[in-house]
Amino acid sequence: MNNKKVFSGIGWSFAERISAQLVSLIVSIILARILAPEDYGILAIVNVFVAIGDALVAGGFGIALVQKKNSDDTDFNSICWVSVFVSVLMYAVLFICAPLISDFYVNNDLTLITRVLGIRLVFSAVNSIQQAYIQKKLLFMKSCIIGTFGAIVSGIIGIVLALTGAGVWALIAQNMMSVIISTAMLYFFIEWKPRLQCSMSSIREMWGYGSRVFLATTVDTLKDNIRTLVVGKVFSSADLAYYNQGKRFPQLLVNDIVNSVGKVLLPVFSEQQDDLNKNTDFMRLSIRVSSFILLPLIFGMVGIADNFILLFLTEKWMPCVPYLRILSLVYVTRSVNTILKNALLAIGKSEVNLFHEVVTSVLTVALIILAAFYFRSIPLIAWSYVLISLLGTCIFSYFTVRNFPYKVSEILRDYLPSLTLSGIMCAVVFFVGKIPLATIFVLLLQIIVGIVIYIVGAWLFRMDELVYILQYMKKKIRH
């Protein structure tokens, strides 16, 4: 695959997530200042069940379409209608079970909210195949424009409704309109259109690989959302809102960017899946560059958390600061996980992903039960998330070393310089935050000091990643 096309895809994929998430960040800040924490807590509970439905609908068959070298329109149409069929079944289950969810959380409002929000499953079914087509063809420029436009329109709708006193329904409208707009626009702007065509041979061919990814995705979704289920049941909806808001900002900052890189890496790894040495070189470069970019963002968020929340979300959201700091650490190894996982998926090792999800899920449940019901501590639930994330990195690293010419010492050599420099930068930024000035000036000072320390440190330690990024940016500017 042409390297120019690969890095263009990564650039547009980054641009899509950065632009869309910048819009989402601004919208989130505005909505959080208008709405009460309880509104976010209610949405978080319902979103758990919709997210599980999304995982069952979007599962792993979109990834199977990307991994298959010669997937055609017949394959895309067949998997699309399977996804739509599953989405209708899942919505029927949600519709019927909505009163039970209300009874479990002792909140009658959840019945209607669940039934309305669940409609997005049908749109997600089609959208997941559209996204697979974009990923397969590296059409990330179109995805960037559409994703940003959808984030802006859905954000405006949410803000307008919040200002009119719609409460939680403002969040629901924003949530639903985002996927509806994306699906509608992609229908007109990409070449593939769903057609009434379904081939059992196509479905059978992708079933083995796709079913394992499907199971892994479903287990992963259950694992990630069980914390919300438990916090929402054992603690108050406000406590759940503080926990989820603490998780939301590192997600906006890092998670979607990492996932967007994964979208590009999987087709690239798949294209050259027979050349392990080439994939290993590409892995190493991806880990070094992604860690260099993302780790300072993560540790920077840890350092500025209190002043950031106080300035942008106001005093009412300050209880989420400890969760923001702890849950930011969940993403410290997320880029490494994504890169190693996609390299393994590309060579057909989807069972590794399933093994990872089963092991980490069992431990997740055990640790959550201990933290919530024995210690009754939400911070311990958050710390368990960090521990599980580190364990996941160890699992993917083990299988990567077994399947690629890539040693553990080399993984550490590629990753640790950025981690060390980011940690030093975080400590300095944290203490700068204690200077007795107005919040806005302290926050600006923290950001400036953090940037200077990181760039100067990278230059002093002669980190190749800085040179590589600067050279790449020069080339883009010249062209």
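Read the figures in this text as sums done on the coordinates, not as results from a lab. Here the structure is a predicted model, which is why all the values come from computation and not from measurement. Because the Cβ atoms are built from the backbone with ideal geometry, glycine has one as well, and the counts that use them run over all protein chains shown.
Pair-distance distribution P(r) for the chain, from all Cα-Cα distances in 20 Å bins starting at 0: 23, 60, 17, 0 percent. Computed from Cα atoms alone, the Kirkwood hydrodynamic radius reported for region 267-479 is 19.2 Å. Please check which bits of region 320-347 a label hung off A238 would reach, taking the label as a point 7 Å along Cα-to-C-beta and the cut-off as backbone N under 19 Å. 320-324, by backbone N distance to the label point. Here region 375-472 is described by how far its Cα atoms reach on the three principal axes: 53, 50, 19 Å, from widest to narrowest.
Annotation: extensible slack from I455 through E38 equals 146.0 nm (criterion: 0.36 nm per residue apart, minus Cα-Cα distance).
The protection proxy used here, the mean number of other Cβ atoms lying within 10 Å of each residue, ranks peptides 28-37, 352-361 as follows, highest first: 352-361, 28-37. Each label point was placed 7 Å from the Cα along the Cα-to-Cβ direction; for L112 and M141 their separation is 4.6 nm.
Compute the FRET efficiency between K278 and Y187 as 1/(1 + (r/R0)^6), taking r as their Cβ-Cβ distance and R0 = 60 Å, and round to the nearest 0.05.
Details: r = 36 Å, r/R0 = 0.60.
With a Förster radius of 60 Å, E is 0.95.
Arranged from fewest to most other beta-carbon atoms within 10 Å of their beta carbon, L340, L222, L117, L163 become L163, L222, L117, L340. The alpha carbon gyration tensor of region 110-153 gives principal lengths a ≥ b ≥ c with a/c of 1.5 or higher and a/b no greater than b/c, which makes the shape oblate. Highest mean packing first, where packing is the average number of other Cβ atoms within 10 Å per residue, the peptides 152-159, 432-439, 171-178, 329-336 line up as 329-336, 171-178, 152-159, 432-439.
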